[in-house]
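The block underneath contains the structure these notes are about, expressed in structure tokens.
The values are calculated or read from the model by the stated rules, or taken from the named source; none is laboratory data. Bear in mind that the values here come from a model prediction, so they are computed numbers and not experimental data. For neighbour counting, all protein chains shown are included, and Cβ atoms are generated from backbone atoms with ideal geometry for every residue, glycine included. For the accessible areas, the whole protein counts, side chains as well, though only heavy atoms, and no ligand, DNA or RNA atoms are used. Shrake-Rupley method; radii C 1.70, N 1.55, O 1.52, S 1.80 Å.
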Amino acid sequence: MRLKQKKDDMVNANNPSHVKLIIAGVFVTLFGVYIKQVIDHSFVVDVLGWAVTFIGAAISIIGVMRILKD
């Protein structure tokens with residue numbers, strides 16, 4: 001692998017948009033956990049909390065996959 005190609009790969013991996021996407025996913029996941037733990041436990045709130053948690057995890061995984069793809 002050439003030095004220039006390694007440098008280009010490093011620049012793409014350190015792209016701020018990837019980091020912002022991962023951080024946004026982490027915050028969405030934490031909000032889902034907050035919904036599940038703090039608000040009164042009803043079936044609808046628990047399902048909503050789980051859904052938000054999985055959506056946040058999916059956002060974070062998409063951010064990681066974008067780094068690996070670049």
Index of the failed condition, PHE43 passing every other in (1) modelled with pLDDT of 90 or more; (2) surrounded by fewer than 10 Cβ atoms within 10 Å (Cβ to Cβ); (3) aromatic (Phe, Trp, Tyr): (1)
Tally, over segment 19-37, of residues that are over 24 Å from LEU68 (Cβ atoms) and either touching a residue at least 40 places away in the same chain (Cβ under 8 Å) or open to solvent by less than 80 Å² (accessible area, probe 1.4 Å) (or both): 4
Residues of segment 48-70 satisfying the condition of being open to solvent by 70 Å² or more (accessible area, probe 1.4 Å) and more than 30 Å from MET10 (Cα to Cα): LEU48, TRP50
